[in-house]
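Since the structure comes first, as structure tokens, the remarks are kept for the end.
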Amino acid sequence: MSAILPPSERIWWNQPIDKLEFTWIAIALVWSLAMFVMMIWWHIYGNQNLANETYKTTKEMYAAKAQAVVDQYTVRTGTEAEKQFPIVKPPAGSDIYMIGRLWDWWPIYELEQGKTYKLHLSAMDYMHGFSLQPQNINIQVHPNYDHVIKITPNQAGVYSIVCNEYCGIGHHTMVGRMYVTKGGE
Amino acid sequence: MTTTYRICPRSGLQFDKDAEKLMRWHAVAGVLALLLGGIMALGVILTRWPAVKLLEADVFYMWLTAHGINMLIFWIIFFEMAVLLFASSTLLRCRMATPKLGWVSFWLMAIGAIMTNVAIFSGESSVMFTSYVPMQAKWHFYLGIILFAVGALITCFIFLGTLVVAKAEKTYEGSIPLVTFGALTACIIAIFTIASGAVILIPTFLWSLGYIREIDSLMYRTVWWALGHSSQQINVSAHVAIWYAIAAIVFGAKPMSEKVSRTAYFLYILFLQLASAHHLLSDPGLGSEWKVVNTSYFMYFAVLASMIHGMTVPGAIEQAQRLKGYNKGLFEWLRKAPWGNPAFSAMFLSLIGFGFLGGISGVMMGAEQLNMLIHNTIYVPGHFHATVVIGTTLAFMGLTYFLVPVLFKRELLFPGYAKMFPYLFGLSMYMVALVMMGAGTLGVSRRHWDMAFAGAPMAYEWPGAAYLMMGLTGIFGVIACVSAGLWILQIVFSLLFGKKLEEGETRSTPIPLTLPAPTPGGAAHPPATPGTMVLALIFLTAFILYYFVNWKYLSSLWGMA
Ligand code: HEM
Ligand SMILES: [Cu+2]
Ligand SMILES: [Cu+2]
């Protein structure tokens with residue numbers, strides 16, 4: 001009779017399926033398959049895919065690598081709000097290491113538009129959330145994992161890196177910066 | 001020990017008195033958790049409303065932790081345990097297995113819930129309901145959740161035991177009702193969920209006591225979401241069962257096809273718990289192949305199942321209404337539905353909101369690459385308030401209106417408010433979900449005390465539209481909190497002061513179900529459901545458009561490989 005009673009037709013699995021119901025199931029199935037194909041298609045033809053390249057690391061090892069890049073390519077130290085941060089301008093194609101820690105993103109990189117860099121992400125304490133604004137690219141950052149992402153900035157400007165994984169009482173103060181220049185400057 | 005049965009004169013349902021008492025206690029405990037969680041919601045929303053910013057940062061994170069846990073875990077699971085008891089002993093008209101153990105389970109859950117709340121409110125446990133390592137809470141935070149889960153696990157086994165009792169004592173003929181089948185699905189998924197929970201929370205508990213030195217954060221997130229995601233599947237199974245139940249109670253609606261609906265439930269069991277990878281799409285260390293297979297092959301089968309239920313429930317209602325003669329045009333069946341009956345309006349708003357807001361957004365952000373657009377933004381709470389608040393909570397609240405006279409034997413007070421409530425709460429929650437998703441699309445973070453970044457040396461300035469959306473979240477959130485608060489008052493007052501209703505006949509042997517004879521001919525050709533099909537196609541169009549708009553958005557970002 002109804003859904004709160006046992007089915008009135010004892011052999012319910014032989015009942016024919018309503019035509020419209022069947023049509024809907026077919027449509028829903030095709031759509032599910034289309035969405036599946038879309039992800040694969042984007043891996044082949046799309047330009048925004050999260051990299052799978054990840055290494056186990058330790059906080060000390062990762063910090064040392066970041067320090068080495070900073071030592072080699074720092075062009076100036078920030079002024080005013082940026083005063084504690086080295087501003088680092090590595091050549092295109094290089095490995096750049098971003099540290100997430102309570103409560104800042106270190107250092108500040110200056111990149112060139114249209115050039116590709118290997119951005120490494122790792123955390124020194126809790127997890128953090130790399131949220132590049134106003135692009136709105138959001139990536140989870142773990143301690144002890146070194147996540148390598150090839151990035152190609154497509155527009156010059158000043159970008160902020162907001163932390164969007166809750167990391168304690170100072171979470172809302174954890175905002176970093178990244179510069180992208182036109183290039184050739 | 002003998003069992004006493006009561007036949008409810010208002011619904012014809014038969015209650016085992018032990019089971020009935022347990023159902024009442026579970027429902028009441030759930031509503032208390034909802035009350036606490038609701039007060040927290042008000043604090044959270046008034047803090048995220050940039051112009052108000054009510055709470056200090058430490059209090060905000062404490063209340064947000066309490067909000068998530070009391071709502072998502074304690075309110076929903078307490079209520080679900082009542083639903084399991086109802087769907088087994090009441091619908092199968094049999095005695096409940098091991099009622100004494102039922103009380104052990106109830107008290108374990110209650111003590112666990114209290115213990116975790118004590119840990120949260122005594123500070124140093126503001127780790128959010130996900131309690132990601134390496135951030136550490138006090139040991140009793142974890143222990144409380146473990147006790148609660150053990151209690152719930154026991155009730156799951158009591159549910160299975162009750163099914164065995166009904167079968168052995170032949171209190172029903174043929175197969176179990178569809179609603180019971182849905183509850184069985186929820187129960188099976190719950191057992192899997194709690195097992196995953198044990199795998200991750202017991203070591204974390206030991207770690208908080210110092211017996212384990214370190215827990216890997218990626219491993220934690222992976223296993224935790226096997227718990228966290230599958231528990232959402234319990235909710236979906238449970239509230240879909242309630243949709244079917246309310247359609248049956250209000251309209252006498254019969255499932256369009258038992259075969260299709262049951263197969264769809266079965267897909268939940270097969271695929272849903274595996275879909276937890278969509279919480280890890282923006283994490284390092286997990287391969288794309290795994291992510292794609294896991295979210296598409298597995299998740300889309302579950303999505304398919306939800307799309308099927310989303311059509312068969314209104315389809316069943318349309319058939320029932322057309323059989324009653326509401327045959328004019330595409331939508332007379334819907335226009336002439338009892339919109340003033342809160343059980344129905346809550347169920348229907350739950351269904352539409354769950355599908356259009358929760359479903360579409362969930363599938364969008366579950367696509368591997370698109371996830372980067374919204375990961376950890378307030379889009380995510382926007383999505384799941386459409387699923388767990390509009391979908392699950394609203395359905396439970398609608399069902400409660402039915403339970404007040406039937407289970408609690410009281411007349412509902414303030415019936416005028418009951419008529420309004422589903423619209424007031426439901427539609428304001430639609431708006432909360434929408435504006436949170438809007439703010440999230442602009443990048444605003446979740447779990448974040450201050451979008452103006454007070455005290456940050458290099459603050460970022462969100463666009464004005466983001467502030468507007470968060471302001472609207474505040475306004476609609478307050479409406480939602482107040483209307484839910486009034487709902488709680490209404491229910492509590494009705495239980496305490498509502499007119500006592502007649503118990504109905506009590507007896508010591510159950511009356512077995514008498515099955516209505518199959519209706520030859522008539523049932524074989526139920527009316528077609530063109531109205532439902534049109535609704536479904538509108539849904540599909542919205543779905544496809546929104547899906548591709550987001551790919552377009554993604555394609556404008558920095559290149560990444
Ligand atoms: C009554 C109206 C409600 C309002 C206005 C509301 C509001 C909110 C807001 C604004 C957030 C996000 C805060 C942030 O991330 O910064 C949130 C988080 C959350 N809400 Fe609600 N909520 C309500 C009811 C519910 C209900 C009924 C449930 C569950 C059944 C629920 C479950 C959650 C969960 C699980 C979180 C996530 C907490 C976290 O991120 O750790 N909420 N709520
Ligand atoms: Cu952080
Ligand atoms: Cu943070």
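Every residue, every condition in (1) under 26 Å from A:HIS171 (Cα atoms); (2) modelled with pLDDT of 95 or more, yes or no:
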residue	(1), (2)
A:LEU33	no, no
A:VAL37	no, no
A:ILE40	no, no
A:ASN49	no, no
A:ALA81	yes, no
A:PHE85	yes, no
A:GLY93	no, no
A:MET98	yes, yes
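For every residue, the table says whether it meets (1) open to solvent by 10 Å² or more (accessible area, probe 1.4 Å); (2) away from chain A (no Cβ under 11 Å).
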| residue | (1), (2) |
| --- | --- |
| B:TRP224 | yes, yes |
| B:VAL236 | yes, yes |
| B:LYS254 | yes, no |
| B:SER282 | no, no |
| B:THR312 | no, no |
| B:ASN327 | yes, yes |
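Within segment A:65-74, is even one residue out of contact with any Ser or Thr (no Cβ under 9 Å at 6 or more places or on another chain), open to solvent by 60 Å² or more (accessible area, probe 1.4 Å) and within 12 Å of another protein chain (Cβ to nearest Cβ)?
no
I'm checking my understanding of the structure. Among residues of segment A:99-110 that are part of a strand (DSSP E or B) and more than 10 Å from chain B (Cβ to nearest Cβ), which one is farthest from ligand 3 (Cβ to nearest atom)?
A:GLU110
Name the single residue that is nearest to the other protein chains (Cβ to nearest Cβ) among those in segment B:186-222 being assigned to a helix (DSSP H, G or I) and hydroxyl-bearing (Ser, Thr, Tyr).
Filtering segment B:186-222 for residues that are assigned to a helix (DSSP H, G or I) and hydroxyl-bearing (Ser, Thr, Tyr), the one nearest to the other protein chains (Cβ to nearest Cβ) comes out as B:SER217.
Only one of these conditions is not met by A:TYR145: (1) within 16 Å of the chain's Cα centre (by Cα); (2) within 25 Å of B:GLY440 (Cα to Cα); (3) within 10 Å of chain B (Cβ to nearest Cβ); (4) within 16 Å of ligand 2 (Cβ to nearest atom). Which number is it?
Condition (2) is where A:TYR145 drops out.
Just to be sure before I move on: is A:MET35 at the interface with another protein chain (Cβ under 8 Å from one of its Cβ atoms) and of a type in the set (A, V, I, L, M) in the structure I sent?
Considered against the rule, which asks whether it is at the interface with another protein chain (Cβ under 8 Å from one of its Cβ atoms) and of a type in the set (A, V, I, L, M), A:MET35 comes out as yes.
Considering B:ALA452, B:ALA367, which residue is away from ligand 2 (no atom under 16 Å from the Cβ), open to solvent by less than 20 Å² (accessible area, probe 1.4 Å), modelled with pLDDT under 95 and not in a helix (DSSP H, G or I)?
B:ALA367
Matching residues to (1) more than 20 Å from B:ALA561 (Cα to Cα); (2) within 16 Å of ligand 1 (Cβ to nearest atom); (3) open to solvent by less than 10 Å² (accessible area, probe 1.4 Å):
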{"residue": "A:ALA92", "(1), (2), (3)": "no, no, no"}
{"residue": "A:TYR117", "(1), (2), (3)": "no, no, yes"}
{"residue": "A:MET127", "(1), (2), (3)": "yes, yes, yes"}
{"residue": "A:GLN133", "(1), (2), (3)": "no, no, yes"}
{"residue": "A:HIS142", "(1), (2), (3)": "no, no, yes"}
{"residue": "A:HIS172", "(1), (2), (3)": "yes, yes, no"}
{"residue": "A:THR181", "(1), (2), (3)": "yes, no, no"}
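Looking at (1) touching a helix residue (DSSP H, G or I) at 6+ places or on another chain (Cβ under 8 Å); (2) more than 16 Å from ligand 1 (Cβ to nearest atom); (3) more than 22 Å from B:TYR553 (Cα to Cα), which is the one condition that is false for A:GLU112?
(1) is the only condition that A:GLU112 fails.
Can we say A:TYR166 is on the phi < 0 side of the Ramachandran plot, part of a loop (DSSP other than H, G, I, E, B) and open to solvent by 10 Å² or more (accessible area, probe 1.4 Å)?
yes
Conditions: (1) modelled with pLDDT of 90 or more; (2) within 12 Å of another protein chain (Cβ to nearest Cβ). B:ALA302 meets all but one. Number of the miss?
So the condition that B:ALA302 fails would be (1).
Spot the failing condition for B:SER445; the list is (1) surrounded by fewer than 22 Cβ atoms within 10 Å (Cβ to Cβ); (2) within 14 Å of ligand 1 (Cβ to nearest atom); (3) among the hydroxyl-bearing types (Ser, Thr, Tyr), and only one is missed.
(1)
Take segment B:17-31 and flag every residue that is touching a Pro at 6+ places or on another chain (Cβ under 8 Å) and either open to solvent by less than 20 Å² (accessible area, probe 1.4 Å) or closer than 15 Å to B:PHE74 by Cα (or both).
Result: B:ALA19, B:LEU22.
Within the group A:ILE139, A:ILE151, which residue is farther than 22 Å from B:ARG446 by Cβ, part of a strand (DSSP E or B) and assigned by TED's automatic domain parsing to the domain that holds A:ALA63?
Going through A:ILE139, A:ILE151 in turn, the sole match is A:ILE151.
Here is a check on your reading of the model: is B:ALA198 touching a helix residue (DSSP H, G or I) at 6+ places or on another chain (Cβ under 8 Å) and open to solvent by 10 Å² or more (accessible area, probe 1.4 Å)?
Taking the combined requirement at face value, the residue satisfies it.
Give all pairs with beta carbons closer than 8 Å in which a residue from segment B:532-561 that is closer than 20 Å to A:LEU119 by Cβ meets a residue that is surrounded by 14 or more Cβ atoms within 10 Å (Cβ to Cβ) and of a type in the set (D, E, K, R); count only pairs at least 6 apart in sequence or on separate chains.
What qualifies is B:GLY559/A:LYS150; B:MET560/A:LYS150; B:ALA561/A:LYS150.
For segment B:32-43, give me each residue that is under 25 Å from B:GLN136 (Cα atoms) and open to solvent by less than 20 Å² (accessible area, probe 1.4 Å).
B:ALA33, B:GLY37, B:MET40, B:ALA41, B:GLY43
The values are calculated or read from the model by the stated rules, or taken from the named source; none is laboratory data. As the structure is a prediction and not an experimental result, all values here were calculated from the model. Note: ideal-geometry Cβ built from the backbone for every residue, glycine included; neighbour counts use all protein chains shown. The area values use the complete protein model at the heavy-atom level, side chains included, leaving out ligands, DNA and RNA. Shrake-Rupley method; radii C 1.70, N 1.55, O 1.52, S 1.80 Å.
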